[in-house]
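Structure first, then comments.
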Amino acid sequence: MIHKIEGIMTYDEFVKYVGDKLEGSTERFVVARIDIDNFDAVNRYYGEMIGDEVIEKMAYVLKQNLKATDMLCWVQKDDFNILLDHIDIRTAAVIVEEIREHIERKPFQLKDGKREIRLKMSAGIAAFPKHGQNKEVLIERAFSALKQAKQEGKNRVVIAESEEMEQRAVYYMKSQLKSLNKLSQRTEKTEALLLREALDNLITKYQGNKS
């Protein structure tokens, strides 16, 4: 079982780094949370030693695709955090998507030289200052976006909802939110996705009624 990966930050170090960076900063940056899809299946089929090898290989690939000013952190198990410096959210999404495509396209060669493992990954990204102005909120927004990516089918990159959109929840009655939650569980779609679909349908309905 891995306890630390040499050359990259621990989660505690990463949280402190983000906090230090936020002090008096006006520079844009993006936090990404990355997770290997179906990693438990890798451990079950190949064993934990190979699972550890895959985690270390994943860390290497991520680090190879970052700039010197970016930061990589191993959170736990198959989870990683990245800080992409001096960048806007859309450009960051393109970069993380390119990494996702690379992971999916190129099999991991195991150390025995005889076996390969094909992997996929999901990611959630959140930007400072758009999605949060303190370290806890920003990191949590990226994690929430990752969970949304998982719920929407995995193997994708999702941008966090803006704070403004999340505040819309105060306009809904408890009964509506409860029904939305049940619908989310039944359809296996996120509540945010269902709300966007409903809003799109509403706009289409009333635009279609224009005379």
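The values are calculated or read from the model by the stated rules, or taken from the named source; none is laboratory data. The structure presented is a predicted model; accordingly, all values stated were derived computationally and were not measured. Glycine also receives a Cβ, built like all others from the backbone with ideal geometry; neighbour counts cover every protein chain displayed.
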Output yes when any residue across the stretch 36-49 is farther than 14 Å from SER122 by Cα, in the same structural domain as ALA127 (by TED's automatic domain parsing), surrounded by 13 or more Cβ atoms within 10 Å (Cβ to Cβ) and of a type in the set (A, V, I, L, M, F, W, C), and no when none is. yes
Of the residues that make up the stretch 71-90, is at least one among the polar types (S, T, N, Q), part of a helix (DSSP H, G or I), at pLDDT 90 or above and surrounded by fewer than 20 Cβ atoms within 10 Å (Cβ to Cβ)? no
Just checking, how many residues over the stretch 20-46 are under 19 Å from the mean Cα position of the chain (by Cα) and either at negative phi or in a helix (DSSP H, G or I) (or both)? 12
Check on ARG105, assigned by TED's automatic domain parsing to the domain that holds ASN155 and either in contact (Cβ under 8 Å) with a residue 12 or more places away in the chain or surrounded by 21 or more Cβ atoms within 10 Å (Cβ to Cβ) (or both): no
State whether the residues of the stretch 23-33 include one that is within 16 Å of LEU62 (Cβ to Cβ) and of a type in the set (Ser, Thr, Tyr). no
